[in-house]
Amino acid sequence: MEIPQTYDEFLAVCQTLKDDGVTPFYGPFKDVWTFQMWTASTWGYYVEKFEPDLWDRLNANEIGWDEIPAFEDSLQKAYDLYKDGYMQSTVLSDDYNSITDAMGSGEYAMTVGSDTTARDLLAAHPDITFDIFPYPVYDGEYEYLTISQLDAEFFIPKDAKHVEEAKQFLNFMAQPEQCNTAQKEAAFVANVQGAEEPDFDEFYTHLYEDYNKTGKTVVEMNAYMKVDLNDLWVYFQDMFAGAKTPHEVLSAWDATFEELMKAKGIENF
């Protein structure tokens with residue numbers, strides 16, 4: 001089988017696997033944060049490519065979460081995978097830490113995760129080949145890898161007693177030679193002009209060359225949010241439990257989102 005480039009191709013892959021006695025997808029959704037990787041990725045891609053002003057509109061209370069058909073459609077597709085037997089029946093009792101054993105068992109073909117997930121699997125099962133591909137919910141999504149806004153950062157609290165000294169330290173850390181020294185410990189993409197190119201292993205070279213360097217990346221949804229998302233993640237669990245439809249998930253989150261934004265003093269709420 002080849003990596004699917006459309007959602008119909010993805011479903012065809014799932015059916016082929018199921019017919020061959022392999023559960024296509026392992027859903028470790030006992031932890032509230034695990035399934036949100038799904039939406040953080042797919043919604044991040046959708047907005048950037050189809051409605052680039054949508055995050056601003058949501059954060060300005062100009063549109064409700066339950067008024068976005070593409071979001072509901074993506075949730076329905078995810079739930080249908082579970083309902084149609086393309087996931088294990090125990091999605092709400094299997095946690096993220098169970099991925100390593102599950103994916104090494106040969107009983108499952110795919111799971112949701114990040115580059116760290118893949119690296120953990122490669123380290124735990126060196127005899128098995130693992131890789132990442134973008135989940136193709138929307139047209140063209142198979143070409144783009146979702147990234148977080150930042151992997152690591154330094155910051156200075158606004159009420160710090162020694163702001164100028166702290167700025168000098170940050171300036172020191174932001175010099176190319178410091179980035180180059182850090183590269184010797186662990187390769188990373190430095191956001192500093194003049195820093196050396198990272199010396200990645202084969203796995204990260206593939207991600208870096210095929211996605212980052214070619215501009216085939218989109219920023220995850222979470223980077224644009226101004227409030228805590230835990231309630232939304234719990235509503236996702238309600239969906240898999242059959243307690244909420246995808247539309248009801250978005251409606252419940254819309255009400256909670258408004259309350260949280262209002263409590264934070266965001267304008268228009």
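Values computed for the structure shown
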quantity	calculated
Qualifying helices (runs of 4 or more DSSP H) (wholly inside the stretch 121-208; at least 1 residues being more than 28 Å from the chain's Cα centre (by Cα), of a type outside the set (K, R) and at pLDDT 90 or above)	163-173, 176-183
Among the candidates D53, D120, residue that is open to solvent by 40 Å² or more (accessible area, probe 1.4 Å), under 18 Å from M221 (Cβ atoms) and out of contact with any strand residue (DSSP E or B) (no Cβ under 7 Å at 6 or more places or on another chain)	D53
Residue under evaluation S114, criteria (1) at pLDDT 95 or above; (2) surrounded by 14 or more Cβ atoms within 10 Å (Cβ to Cβ), criterion not met	(1)
Extreme residue, surrounded by the fewest Cβ atoms within 10 Å (Cβ to Cβ), among residues of the stretch 252-268 that are of a type in the set (A, V, I, L, M, F, W, C) and either within 16 Å of Y224 (Cβ to Cβ) or within 26 Å of the chain's Cα centre (by Cα) (or both)	A255
First in the stretch 239-254 and farther than 21 Å from F269 by Cα and at pLDDT 95 or above, second anywhere and open to solvent by less than 10 Å² (accessible area, probe 1.4 Å) and in a helix (DSSP H, G or I), Cβ under 6 Å, 6 or more apart	M239/V249; P246/L75
Candidate set from the stretch 5-46 (those that are part of a loop (DSSP other than H, G, I, E, B), open to solvent by less than 10 Å² (accessible area, probe 1.4 Å) and hydrophobic (A, V, I, L, M, F, W, C)); member that is nearest to Y138 (Cα to Cα)	F35
Every pair of residues 6+ apart whose Cβ atoms lie under 7 Å, when the first sits in the stretch 30-57 and is within 18 Å of L232 (Cα to Cα) and of a type in the set (D, E) while the second is open to solvent by less than 50 Å² (accessible area, probe 1.4 Å) and in a helix (DSSP H, G or I)	D31/Y96
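The values are calculated or read from the model by the stated rules, or taken from the named source; none is laboratory data. Since this is a predicted model, take the numbers as computed values, not measurements. Heads up, the Cβs are rebuilt from the backbone with ideal geometry, glycines too, and the neighbour counts pull from every protein chain shown. When the accessible area is computed, the model is the full protein with side chains, heavy atoms only, and any ligands, DNA or RNA have been set aside. Shrake-Rupley method; radii C 1.70, N 1.55, O 1.52, S 1.80 Å.
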